[in-house]
Every structure is written in C-alpha cells, then in structure tokens.
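The values are calculated or read from the model by the stated rules, or taken from the named source; none is laboratory data. None of the values given here were measured: they were computed from a predicted structure. Quick reminder, even Gly has a Cβ in these numbers, built from the backbone with ideal geometry, and neighbours come from all protein chains shown.
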C-alpha cells in the first residue's frame, strides 16, 4: 500500500511539472553541421542546446503557477507589457529562436513569386532588401535582432530590436508579424566571426530557407487581413 501511495504521489508530481512545462524546443530540422561553412557546428550546438534551451527553461519557470497565462507564445508576446521582465526576455528568446532555426537551410532556395514582388515593391529589389536587413543588424547596438516583417498595412518592412524583443510584442516600436529574423547576439556568430558581425550578416543569406520565409509571408498576410 505504501509503495502504491508513493508511486501515486510521484505520478502527481510528474504530471504537475509536465503541465507547467508549457513550452518546449522543436528539434532542429537539419544537422548541426549542415549549415557549415556559414555557421559552424560548435556554434549551432551551443546556441541551440545552451542558449535557446535556457530561454525555454526560464520561460516555463516564470510561468509556473500562472493558470491564466496564454496558451500560445504569440498570444503571450502580444500582451507582454503585462508580464514580468523574465517572461518578456525568455518568451521573446524562445519565439525568436524557433523562427530563426526554421528560416535556415543548407538547400538552395529562392523567394516565391509573391514574396519577391512584395520585396521589389517595398525595397526595389532583393539585394536592396538584404542590405536593409544587414544595416539594421549591423547598427543594432549591443545584442538584438534584425527583422523582415509585415506591418499593419500588409507591407514588408525592416527594423531591429534590442535583446529578445520582436515585432509581435505590444511594447515594440515596429509592430507587425516577423517573416525573417536574424540573431545578432554575439553567441550567434562569435566563435567563427569574432567581432566581424558584417561578415556573418553577409554570409547568412547563403543559408536562408526562402521556402519557409515565403510561407511565413503568406501566413502573415492572412493574419493581417483577418
């Protein structure tokens, strides 16, 4: 009877902990070596298994006991001004990295015709858009992100944000729906590029998954037009 009671209590604790662990990392859709030579395997390992994992762990800790917390990361970020700094920083860190991993690929891809037209309408051509994203990332003081996003008018725009902020947040000056985000925290590139952030930004375009970015653009338009 005692062993059954102990097993029951253990099960309840496990269920409680599991229920509180609301958010989790998706597995990487490629091997850590596959993005070389543009992002090295060691950086990918540390970035995914240490930095991103820590954001998820700390986000779940910050939400423990909050039964009224939003169920999706997007809902959480949309009202992040009502949340603690721990939720803002770690929630942003989790969303940003999930997006970042998804828009990288070793396969060569190109923007869809619809996305390419939107890029041309907004920036003149694809290279001008890349230059705008690179400039935003290069001029972001300290740690942060560079974004290509859809604004409330359904147009593509570029901005940068400090720390782990992003355009989904109600505290962000450039509000919208991100379709592409580039991490310019030093942990994203320092092992390979040291202080050469510009080289990292130039090289990362060789591994952009335009299929995913194009899909993100389509989804963003649908949400904006709802």
* Number of the exception - residue 101 against (1) in a loop (DSSP other than H, G, I, E, B); (2) under 29 Å from residue 24 (Cα atoms); (3) modelled with pLDDT of 95 or more -> (1)
* Asked: Out of (1) modelled with pLDDT of 95 or more; (2) surrounded by fewer than 17 Cβ atoms within 10 Å (Cβ to Cβ); (3) farther than 19 Å from residue 46 by Cα, what's the single condition that is false for residue 225?
  -> (1)
* Any chance region 174-182 includes a residue that's in contact with a helix residue (DSSP H, G or I) (Cβ under 9 Å, 6 or more places away or on another chain), more than 24 Å from residue 51 (Cβ to Cβ) and either surrounded by fewer than 17 Cβ atoms within 10 Å (Cβ to Cβ) or at pLDDT below 95 (or both)? -> no
* Asked: Among the listed residues 132, 122, 157, which satisfies the condition of being touching a strand residue (DSSP E or B) at 6+ places or on another chain (Cβ under 8 Å), closer than 29 Å to residue 23 by Cβ and free of Cβ contacts under 8 Å to residues at least 40 places away in the same chain?
  -> 157
* Please give the number of the condition residue 96 fails out of (1) touching a residue at least 24 places away in the same chain (Cβ under 8 Å); (2) in contact with a helix residue (DSSP H, G or I) (Cβ under 8 Å, 6 or more places away or on another chain); (3) assigned to a helix (DSSP H, G or I); (4) buried (at least 16 other Cβ atoms within 10 Å of the Cβ). => (2)
* To do: Of the numbered conditions (1) in a loop (DSSP other than H, G, I, E, B); (2) in contact (Cβ under 8 Å) with a residue 60 or more places away in the chain, residue 142 fails exactly one; give the number of that condition.
  => (2)
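Does residue 63 satisfy the condition of being buried (at least 17 other Cβ atoms within 10 Å of the Cβ) and under 20 Å from residue 89 (Cβ atoms)?
In short, yes.
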* Asked: Going through region 158-188 one residue at a time, which ones are closer than 19 Å to residue 209 by Cα and either over 14 Å from the mean Cα position of the chain (by Cα) or part of a strand (DSSP E or B) (or both)?
  -> 158, 177, 178, 179, 180, 181, 182, 183
* May I ask you to verify whether residue 191 is closer than 24 Å to residue 50 by Cα, assigned to a helix (DSSP H, G or I), in contact (Cβ under 8 Å) with a residue 40 or more places away in the chain and touching a helix residue (DSSP H, G or I) at 6+ places or on another chain (Cβ under 6 Å)? => yes
* Being modelled with pLDDT of 95 or more, touching a helix residue (DSSP H, G or I) at 6+ places or on another chain (Cβ under 7 Å) and surrounded by 16 or more Cβ atoms within 10 Å (Cβ to Cβ) is the filter here, so list the residues in region 16-38 that pass it. => 23, 25, 28, 32, 35, 38
* Asked: Under the condition of being assigned to a helix (DSSP H, G or I) and touching a residue at least 12 places away in the same chain (Cβ under 8 Å), which residue from region 108-119 is surrounded by the most Cβ atoms within 10 Å (Cβ to Cβ)?
  -> 115
* **Residue match in region 99-107 (condition: over 19 Å from the mean Cα position of the chain (by Cα) and surrounded by fewer than 19 Cβ atoms within 10 Å (Cβ to Cβ))** => yes
